[in-house]
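One structure below.
The values are calculated or read from the model by the stated rules, or taken from the named source; none is laboratory data. Please read all numbers here as calculations on a predicted model, not as lab measurements. Virtual Cβ from ideal backbone geometry, glycine too; neighbours counted across all protein chains shown.
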Amino acid sequence: MVEILFQPVHQLTELLRRKELSSEELVRAALERIRARDGEIHAFNCVLEEEALATARQVDQLRARGEILPPFAGVPIALKDNLCMAGTRTTCSSRMLENFVSPYDATVVAKIKAAMLPILGKTNLDEFAMGSSTENSAFGPTRNPHDVTRIPGGSSGGSAAAVAAGMAPWALGSDTGGSIRQPAALCGVCGMKPTYGRVSRYGLVAFASSLDQIGPFTRDARDMAALLGIIAGHDPRDSTSINQPVPDYARELSGDVSGMKLGIPKEYFVEGNHPEVEAAVRAAIATMEQLGAEVREISLPHTSYATPAYYIICTAEASSNLARYDGVVYSHRTREPVADIVEMFRKSRTEGFGDEVKRRIMLGTYVLSAGFYDAYYLTASRVRTLLCRDFEAAFKEVDLVVCPTSPIPAFKLGEKTADPLEMYLCDVYTTSLNLAGLPGMSIPCGKTREGLPIGVQIIGGVLREGEILRLADAYLG
């Protein structure tokens with residue numbers, strides 16, 4: 001049954017529909033695969049075996065009675081452990097929330113349950129989604145299924161690794177500065193960050209509220225279109241949610257990209273790219289051209305400012321969002337004796353947060369402080385506007401932008417933890433999209449000589465996910 005777990009969801013759905021496979025059999029195969037591989041990879045923080053099997057049995061019973069079911073009912077899924085799920089721990093891979101049990105479902109989780117997708121478990125991440133390697137988890141790092149001495153990317157490394165290792169047919173993650181696309185690239189799967197507001201953030205534990213977006217991991221573009229269709233849509237509980245109808249993304253998968261104009265930003269092909277990454281991405285662009293797309297060089301002139309602007313804005317928002325974890329209501333509270341409430345706050349936060357989270361809180365507090373707000377946060381916000389204008393100008397000339405997802409393939413565990421700046425530069429090609437609120441998708445485009453996956457990133461204009469999916473589907477065949 002192992003081989004079946006590497007089939008795309010649309011093929012698994014056909015097997016379920018024809019009753020050649022039951023949902024319970026599929027879920028049991030996934031659980032067995034998790035037992036076999038997750039001790040080494042650590043993609044999951046918790047496995048929800050009983051809950052997943054109960055949903056699978058319900059689907060099988062309804063299908064046996066001839067009931068009309070949601071299109072992908074019975075196909076199991078994994079969820080990043082910063083998505084609230086009623087009655088289940090939502091830890092954000094932090095000691096601060098180690099024992100927090102959510103009293104409600106995130107909107108996307110409610111939609112997953114309504115679609116009758118058995119939930120296999122909650123996946124590991126960099127603590128509070130802060131990181132590019134899934135090494136910052138309080139519960140230990142996740143490893144890359146292609147080489148367990150290397151990182152899977154982050155912060156949604158657990159979700160990417162689960163799909164890549166055949167432990168889940170698809171999964172959900174969150175993307176604040178590349179946290180879906182970068183691990184998708186490094187693990188050899190597909191990952192999409194939708195337009196900001198296309199998917200509700202209600203029930204997503206906040207890192208940086210103006211940047212966070214929930215999105216899918218899948219094996220191909222057809223599955224991506226399906227899962228995006230399930231989770232997208234307006235939500236009145238999220239004030240940033242876009243009130244626009246959700247298109248039938250599957251209809252976009254025509255396979256025809258003739259005349260589609262692709263922009264290749266010269267700022268994304270510079271010194272510092274791993275030579276095998278650049279070669280693979282250029283080969284992918286050549287293939288897209290052979291499929292009928294028109295390719296032209298473009299400029300995104302403020303690209304070099306994206307990463308510093310991102311790390312000012314995201315740390316500022318993190319400082320604000322994480323101020324709520326004070327040990328009073330539901331987060332970790334110190335057991336040490338304290339003299340007063342201020343000491344209780346300090347000890348609780350010192351014990352509960354890891355080093356990377358503390359670093360970002362301190363940076364964010366600094367850039368928001370009196371005397372520095374204008375010099376840092378306000379300036380970064382102005383740079384954000386310039387980046388938005390760069391993309392607006394580009395999309396007047398082209399339909400999509402194509403570039404590397406990550407400048408390098410997966411690196412060794414521990415290789416960059418001593419130098420936070422070097423780690424931050426891994427996000428150099430992904431942060432701009434979050435600052436501009438645009439959709440982007442990473443798809444596999446080859447491997448290095450060592451067998452490490454490489455991803456190419458496709459970027460679209462606001463609510464242009466359909467065009468991204470059409471090009472991805474044509475390229476992946």
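Here are a few things to note about the model shown:
To keep it simple, each residue is scored yes or no on (1) in contact (Cβ under 8 Å) with a residue 24 or more places away in the chain; (2) in contact with a strand residue (DSSP E or B) (Cβ under 6 Å, 6 or more places away or on another chain); (3) surrounded by fewer than 18 Cβ atoms within 10 Å (Cβ to Cβ).
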residue	(1), (2), (3)
358	no, no, yes
371	no, no, yes
380	yes, no, no
385	no, no, yes
388	yes, no, yes
401	yes, yes, no
422	no, no, yes
433	yes, yes, no
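- Residue check, residue 424 part of a helix (DSSP H, G or I), aromatic (Phe, Trp, Tyr) and closer than 30 Å to residue 245 by Cβ: no
- There is no residue in segment 369-387 that is farther than 17 Å from residue 308 by Cα, at pLDDT 95 or above and in contact with a helix residue (DSSP H, G or I) (Cβ under 8 Å, 6 or more places away or on another chain).
- Pick from segment 102-142, criterion assigned to a helix (DSSP H, G or I) and basic (Lys, Arg), ranking: farthest from residue 58 (Cα to Cα): 111
- Segment 44-101, residues that are in a helix (DSSP H, G or I) and either touching an Asp or Glu at 6+ places or on another chain (Cβ under 9 Å) or within 22 Å of residue 213 (Cβ to Cβ) (or both): 53, 56, 57, 59, 60, 61, 95, 96, 97
- Residue list for segment 18-31, restricted to those being surrounded by 15 or more Cβ atoms within 10 Å (Cβ to Cβ) and either in a helix (DSSP H, G or I) or charged (D, E, K, R) (or both): 23, 24, 25, 26, 27, 28, 29, 30, 31
- In this entry, residue 215 passes the filter for residues that are under 25 Å from residue 116 (Cα atoms), free of Cβ contacts under 8 Å to residues at least 60 places away in the same chain and crowded, with 18+ Cβ neighbours inside 10 Å.
- Test: residue 222 is assigned to a loop (DSSP other than H, G, I, E, B), farther than 28 Å from residue 131 by Cα and either out of contact with any Lys or Arg (no Cβ under 8 Å at 6 or more places or on another chain) or not aliphatic (A, V, I, L, M) (or both): no
- Filtered by the rule that a residue be over 16 Å from residue 368 (Cβ atoms) and either of a type in the set (A, V, I, L, M) or outside any helix (DSSP H, G or I) (or both), segment 301-320 gives 301, 302, 306.
- Taken over segment 96-135, residues that are in contact with a Cys (Cβ under 8 Å, 6 or more places away or on another chain), of a type outside the set (A, V, I, L, M, F, W, C) and over 24 Å from residue 165 (Cβ atoms) amount to 3.
- Among the residues listed as 155, 179, 210, the single one being out of contact with any Leu (no Cβ under 6 Å at 6 or more places or on another chain), touching a residue at least 24 places away in the same chain (Cβ under 8 Å), closer than 26 Å to residue 448 by Cβ and not in a strand (DSSP E or B): 179
- Flag if residue 34 is within 23 Å of the chain's Cα centre (by Cα), in a helix (DSSP H, G or I) and closer than 13 Å to residue 76 by Cβ: yes
- Test: residue in segment 193-204 that is more than 30 Å from residue 377 (Cα to Cα), hydroxyl-bearing (Ser, Thr, Tyr) and assigned to a loop (DSSP other than H, G, I, E, B): no
- Cross-chain or 6+ apart pairs with Cβ under 8 Å, segment 443-462 first and within 14 Å of residue 190 (Cβ to Cβ) and crowded, with 22+ Cβ neighbours inside 10 Å, then of a type in the set (Asp, Glu) and modelled with pLDDT of 95 or more: 454/276
- Output for segment 116-133, where each listed residue is closer than 21 Å to residue 48 by Cα and either hydroxyl-bearing (Ser, Thr, Tyr) or touching a strand residue (DSSP E or B) at 6+ places or on another chain (Cβ under 9 Å) (or both): 117, 118, 119, 120, 121, 122, 123, 124, 125
- Residue-level check: of (1) under 19 Å from residue 284 (Cβ atoms); (2) among the hydroxyl-bearing types (Ser, Thr, Tyr); (3) under 17 Å from the mean Cα position of the chain (by Cα), residue 431 misses just (1).
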